[in-house]
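Written below as structure tokens is the structure these notes are about.
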Amino acid sequence: MLLRVGHRGAAGHAPENTLSSVAKAIALGVDFVEVDVQSTEDGHLVLMHDKRVNRTTDGNGYVSEMTLEEVRKLTIREQERIPTIEELLSLVNGQVGLILEIISQGIGVQLVSATQELGFTKPIIYASFLHAELLEVRSVAPNVTTMALLEGVPVTATSFAEDARAISVGVAVESLTAAFVHSLRSAGLSIFVYTVNDPLDIEWVKSLGVDGIISDFPDRI
């Protein structure tokens with residue numbers, strides 16, 4: 001079964017990585033919601049993709065140099081606030097699965113603890129371009145699902161996932177080829193493709209037999 005994944009919630013319909021975007025994705029019937037997680041200066045986990053808040057809020061500066069109190073004062077389009085991981089988990093729990101992309105180095109273990117403390121009941125995939133973080137996640141939770149993210153096509157098609165001990169991979173649609181998919185599939189890896197928004201691209205990616213498509217418009221999948 002092809003899994004439909006809402007990118008940063010449903011970023012084509014509502015401001016990315018907000019509770020309204022996540023709620024929209026759930027309303028559209030996704031199987032998973034993907035969001036980005038990083039840490040504030042005082043160690044709180046919040047939803048934000050960029051290292052700086054400039055693009056998506058009325059503030060400026062690095063998330064890592066702001067306290068939670070400072071981050072919570074920022075306003076996103078349509079008067080929303082940057083959510084905490086606790087708010088996300090409470091909203092989503094029992095409804096759909098989560099793909100949690102680890103943006104900040106060193107937060108993987110903390111993120112696992114947060115999900116375990118809440119008793120999250122749906123599947124969670126911990127994803128990152130920081131593949132060492134996936135090893136850290138596995139060190140404290142050997143049975144969780146991890147996803148090694150990648151842009152480009154490596155010389156050895158599956159080594160990046162094997163080194164990270166990941167069982168899923170997230171590949172940029174621009175990097176996708178039928179041969180690459182075949183190599184990943186032959187290694188027993190689950191394949192998710194991001195960020196696929198154009199209907200023609202969606203149909204092409206489907207034809208390659210991947211496991212999931214990540215889109216700003218999950219209703220198009």
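Where Lys and Arg each count +1 and Asp and Glu each count -1, what net charge lies around Ser64 among other residues with Cβ under 13 Å from its Cβ? Summing Lys/Arg as +1 and Asp/Glu as -1 gives -3. Each of Ser186 and Glu117 was given a label point 7 Å from its Cα along the Cα-to-Cβ line. The distance between the two points is 4.6 nm.
Subtracting the Cα-Cα distance of Ala27 and Asp219 from 0.36 nm times their residue separation leaves 68.1 nm of extension gain.
Dipole size of the range 122-220 about its Cα centre, with +1 on Lys/Arg Cβ and -1 on Asp/Glu Cβ: approximately 360 debye, rounded to the nearest 20. Projecting the Cα atoms of Thr18, Met66, Ile85 onto the charge dipole of the range 1-106, computed from C-beta unit charges around the Cα centre, puts Thr18 farthest toward the positive end. Counting charges near Gly12 (Lys, Arg +1; Asp, Glu -1) among other residues having Cβ under 15 Å from its Cβ returns a value of -2.
When the chain is described by a simple charge dipole with +1 on each Lys and Arg Cβ and -1 on each Asp and Glu Cβ, the residue from Val181, Val169, Ser113 located farthest towards its positive end is Val181. Just to confirm a number: summing +1 for Lys and Arg and -1 for Asp and Glu over residues other than Ala114 whose beta-carbon lies under 12 angstrom from that of Ala114, what do you get? Overall, the nearby charge balance is -3. Available extension along the chain between Asp50 and Thr156 is 35.2 nm, counting 0.36 nm per residue and deducting the alpha carbon span. Per-residue extension of 0.36 nm, minus the Cα-Cα distance of Arg81 and Thr67, leaves a gain of 3.6 nm for this segment.
Our summary gives the range 95-211 a relative contact order of 18 percent, counting only alpha carbon pairs under 8 angstrom and 6 or more residues apart.
Every read-out reported here was derived from the displayed coordinates using simple, explicitly stated rules and does not represent laboratory data. These figures come from a predicted structure and were not determined experimentally. In this analysis, Cβ positions are derived from the backbone assuming ideal geometry, glycine residues included, and neighbour counts consider all displayed protein chains.
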